Structure formats: C-alpha cells, structure tokens
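J.: My questions all concern the structure below.
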Amino acid sequence: MTLMEIRGVTKQFVTRGESMRARKTTFTAVDDVSFEVELGETLAIVGESGSGKSTTARIAARLLEPTSGTVVFDGQDVTRARGRELARFRNDVQVVFQDPFSSLNPRYTVERIITAPLTYQGITPPTGRRAFAQELMERVGLNPDHCRRYPAQFSGGQAQRIGIARALAVNPKLVICDEAVSALDVSIQAQVLDLLMRLQRESGFSYIFIAHDLAVVRQISQRVAVMNRGRIVELGPRDQVFGDPQDEYTKTLLAAVPRINPEWDAKRRQAQ
Amino acid sequence: MSDLFVVEDLTVTFPTSRGPVDVVKNVSFTVGRDDTLGIVGESGSGKSMTALAVLGLLPRGARTSGSVKLDGIELLGKSERDLRSVRGNAISMVFQDPLSSLNPYYTVGLQISEMYQTHRGGSRRSARQVAIDALDRVGIPDPARRVDHYPHQFSGGQRQRVMIAMALCCSPSLLIADEPTTALDVTVQAQILELLAELQSTTGTGMIFITHDLAVISSIAQRVLVMRSGDPVEYGTAEQVFSAPRHEYTRMLLDAVPRIDDEVAL
C-alpha cells in the first residue's frame, strides 16, 4: 500500500546575486521530483550538499510548501492542508533531525520533551505521563530512571535516542530522518541504526531516510533515490542502485566512497 | 626511512575544578619523510589535542610533558616566539573548516602571500607570484585571476584547496591535517585526498592525518595510531592495524564501520 506520494514537486527560492543591487534570481532547489513511499518500507534519499534532499524531506514533512506539485498522504492531498487536517498529518508524520541537541529544548526534562507531541495533540496517556515517557525511554534503550534529567546531561547518541522516542510518542505512520545519524561517532551510529531498524520491525511504520553517507544508506534502506542538483537521477531497489547503477552520477558517487583496503579487511575478518 | 618527527610520551593535562585531567596520555609516534601517519579515534579521544599540543596551540592552563622533536630539535618548552617561526613554516596545518580559518575580509592571495612573507620575507610582488603558483599547484583553475578573489567566492572544496596551498607555500617538512575532508562531499573528498597524496609524493612532506573515518585513513596512511579517551590504544603499520588489530577497541571500531560493498540482509 502506498503511504505517501510526492507528485512533480518543485521548490524555487528567490535569491539575490552577489552585490546588493543585483537582480533577484530564482533558484530551483527541487526540480520536478516524484516518488512513493510504501507502508513499512524505508526509502532513502541520498545526495551531496545542495542536491535538494533536505528540501525534499521538508516538503514531505510539510515544513515547507512546494512551489508546485502535490503531496498525497494516506490517500489525501495534504499539499495545502490546514487546521485539523494538518494537525492529523503532523501526528502521522514525525521528523528526526541531525543535531539532537538543537532540536531538544534544553530547559525541559526528557519526560516533558518526549510527551510534548501528546500535549500538542491533546492526548492524555491512560497510564500517566511519567509511565508513558519511561516506557518509551526503555524502548529506545535509555534508562527510564533518567526521565527527569535535562538534555545536556546526555551524550550525543543518547540525545538522538530522546529525539527518536519523541517521534514515536504519537504512533506515527511515517518517520522522516534527516541526517539522523550523521553527527554520531561510528560505534554509536551503528547502535542507533540498529535501534531504528528494530523499532520499524516492531511498529511497522515507514522511513524516509535522508543521508549523504552511502554506506549508511545501504544498511537501512529497501529502496534508494539518488538526487543531484534538485532532480532524482536514479530510483530503485537498494541492491540494484548499489550493485548495478545506471546513472553516471550514481556511478561517480559510489566510486568516490572511501573504502577500507579490501584485502586487509578480508584478512581481518577471516582471522576473527 | 629517516625519522622526521618524533613524539615521545606526550601527555596533556587540563586543570579542572575536580583536579587535573589527562586528555592525552603517554602518546608516542614517529613520522618519516614522505610518510603519512593517520591518527584515528572517536570524539573525545584526544586526537585533535595531540595535534594542538605538538604545535603549542593548546588553550591556556594546559600543561604538556614528554618530548616532541622535529629534525632532532625539541619543540616542547620553546618560547611562543620560537614556535611562531616553526608554525606555518616547518610545520603547517590544515583544519576541518576552511571558512573559519580564512579571513573573509582579505583576498586569498593576500592571505597566502602574508603567510609567505612572514616566514620568508621578499617583495610583495614575489609573494604574490608564490600565491599564484601555490593556487596553481592545488588545482585552482585560472590562478592569476582567482588570487584576487575572496574566500566566499570559492566553493567548499576549493576553499580547502586554498588552505592546502597556504599550508604548503613555505615548503614545510611536516603537514598536520585535522579532519581536512570531513566537511566535504564525498566526491570532493576523493579529489582532496588525491591532491594531498600527489603533493606529498612530489614534495616529500611528512603528514599527520587526523580523522574519525577509518576508510579515509586506510586510503592515505602508511602508519596508524588509534586513540581512545586520551590513550594510545594501538600503533602500527596500516596493514597490521587493519588486517590484524591487536586491541579489542580497534576490532570494535572496524566492525562498526558500515560497508558499502558488503551484502547486507534486511
């Protein structure tokens, strides 16, 4: 079943040139992009800086309005949704950002942060806020006894887990991860990726996973869209995009990824 | 391989309200001419502090002990004035973020020639020519025109090339690069790594390359030092560290690296 459909979305920004007197020019950040997200799947969008991947994610999350094109969610056109309709959409679609600390209010306790989406949606958990927050903390691998601590008292990996717990508070159907593991150390990154995959298996929601790191994308996605200069240049099943890329840009991108010397790596794994 | 740069038992201590804390503990390594040492570790491992310590660039209050020798001359304990004649001259550095290392008010040419004139003197005109040659060497197209441009007129990858041009304009014997490609796109990163390797092979500059990225280390370093929480965990040739790591932490780190060529089950 198709959960989300992006149809011919274009986003233009008006910019000025280098001098103050320069004429206004329009910059097309996203250029006629279309894709679908199936229920329960992970669609990754990869690209380099300026490729339009984050703008696409923001449009899908309704944080930005497209210049043209439509966003269909659960069979409803939500491109210009407002009021109640938008509130429901915001309930179903959650976002996890790159920098965990800047997306967590430093003055709120973890309990308050995690239960904030419930407040916005006017939901009161039957077991009470604390029990609800603690249960979620446990699910994402945080110590529930720490629910009255503040974000600054957690490490980067833990803070990202708080962001994930908050996203899950309202049982979303789609979670959009915008470079959600990019700022983390490699050992922590592996743990958070495992967590994201486990949560999806447990709850069956979909991910749109935005990342610049192709190796990370390979770990988590079923389908991959490669973006370059605002356009999707290639979209297909993961193994096809990685194993038999059709587009020139995809090939360049894959070739540029640094790799651990394969001979050394094979030797080490054999010994282990 | 003659040893250009020898660090022995380097320890860096910071005073804190709870007493002194060692952020780098008894680190030893050597870098030969034409040799690249990779220092790898996660955040808080002390890899950047090691680089700052050998350059005498630590924040005030930090104490260092041990020995840092360049061409047999001890650098630790040297006066700030003496160190200034070493930095940018015999030892150069390139940092992660070129925008914060370049002055937005001055053209890149002025910044490169200032660096050159400070250490080598000479006329403004000859320094300008040095800047143009340096930009040419790092692959900036049309260097005679670009020399008069400001940092914001360059792309991220080009800015890092400018930084490398500046670092190499005095023909240093050692280049310290701290996460020089971390902020760059993967295709640009590949170009910068290629450039560094190529420049090194033509100039014979020794290099310390600091990064969190094991795959990058594997492609550029001959020797590797793995650090964690200020401790030197493992030190050896790249082949030894990657193919037969002795330490549990190195193995864990290598296992955590996501692979792009592996078959992964979902």
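J.: Counting only protein heavy atoms and rolling a 1.4 Å probe, how much accessible area do B and A lose on contact, total for both sides, in Å² to 100?
T.: 3200
J.: Sticking with this structure for a sec: Work out the mean other chain Cβ neighbour count within 10 Å for the residues of A:38-48 and drop it here as an integer.
T.: Per residue, the average neighbour count from other chains is 1.
J.: Label B:Ser100 and A:Glu85 with points 7 Å out from Cα along Cα→Cβ: what is the distance between them in nm?
T.: Distance between the two pseudo-spin positions: 4.5 nm.
J.: Measure off, as a whole percent, the carbon and sulfur share of the 1.4 Å-probe accessible area of the stretch B:161-266, all protein chains present.
T.: The nonpolar share, carbon plus sulfur, comes to 49 percent.
J.: Next up: Probe radius 1.4 Å, ligands and nucleic acids ignored: give me the carbon and sulfur share of the accessible area of the stretch A:2-255 as a rounded percent.
T.: It is 46 percent, rounded to a whole number.
J.: Sticking with this structure for a sec: Where both residues lie in the protein assembly as shown, what percent of DSSP beta bridges are antiparallel, nearest 5?
T.: 55
J.: How charged is the neighbourhood of B:Glu74? Take every other residue with its Cβ under 12 Å from the Cβ of B:Glu74, and add Lys/Arg as +1 and Asp/Glu as -1.
T.: In short, -1.
J.: Skip the ligands, DNA and RNA, and give the accessible area per residue of the stretch A:214-272 with a 1.4 Å probe, whole Å².
T.: Here the residues of the stretch A:214-272 average 49 Å² of exposed surface.
J.: Also, quick follow-up: Sequence neighbours fewer than 8 away in the same chain don't count; with that in mind, list the lysines whose C-alpha is under 17 Å from A:Lys24.
T.: Hits, sequence-local ones excluded: A:Lys11.
J.: Threshold 30 Å², probe 1.4 Å: give the residues of the stretch B:165-207, in number order, that are less accessible with all protein chains present than with their chain alone.
T.: So the qualifying set is B:Asp185, B:Val186, B:Thr187.
J.: Right, here's the next one. Might you work out the accessible area of A:His212 for me, using a 1.4 Å probe with all protein chains in place, and round it to the nearest 10 Å²?
T.: 90
J.: Can I ask one more? Which of the aspartates and glutamates could be linked to A:Lys267 by a straight reach, that is with a Cα gap under 17 Å, when you skip same-chain ones fewer than 8 residues away?
T.: B:Glu239, B:Glu248, B:Asp255, B:Asp261, B:Asp262
J.: So how many Å³ per residue does the convex hull of the Cα atoms of the stretch A:2-255 work out to?
T.: Given the Cα convex hull of the stretch A:2-255, per-residue volume reads 150 Å³.
J.: If you wrap the stretch A:132-179's Cα atoms in a convex hull and average its projection over all directions, what's the area in nm²?
T.: 3.6
J.: Let me ask you something else. So which lysines can B:Lys78 reach, going by Cα to Cα under 24 Å and dropping same-chain residues fewer than 8 places off?
T.: Within the straight-line limit of under 24 Å, B:Lys78 reaches these lysines: B:Lys25, B:Lys47, B:Lys69.
J.: Let me see the P(r) profile for the protein assembly as shown: every Cα-Cα distance counted, bins of 20 Å, each bin given as a percent of all pairs.
T.: 19, 49, 30, 3
J.: Now for a separate question. Give me the net charge for the shell around B:Leu253: Cβ to Cβ below 12 angstrom, other residues only, Lys and Arg +1, Asp and Glu -1.
T.: After counting each charged neighbour, the total is -3.
J.: Taking only the Cα atoms of the stretch A:89-160, how large is their convex hull per residue, in Å³?
T.: Expressed per residue, the convex hull around the Cα atoms of the stretch A:89-160 is 96 Å³.
J.: All other residues with a Cβ under 11 Å from the Cβ of A:Tyr150 taken together, and with Lys, Arg as +1 and Asp, Glu as -1, what is their net charge?
T.: +3
J.: Helix hunt in chain A: which complete DSSP H runs extend at least 24 Å axially by C-alpha with mean Kyte-Doolittle at least -0.5?
T.: For chain A, where a helix must reach 24 Å along its axis and average at least -0.5, the hits are A:186-203.
The values are calculated or read from the model by the stated rules, or taken from the named source; none is laboratory data. Since this is a predicted model, take the numbers as computed values, not measurements. Note that we place each Cβ from the backbone using ideal geometry, even for glycine, and neighbour counts take in every protein chain shown. Heads up: the accessible areas ignore ligands, DNA and RNA and are worked out on the full protein's heavy atoms, side chains in. Shrake-Rupley method; radii C 1.70, N 1.55, O 1.52, S 1.80 Å.
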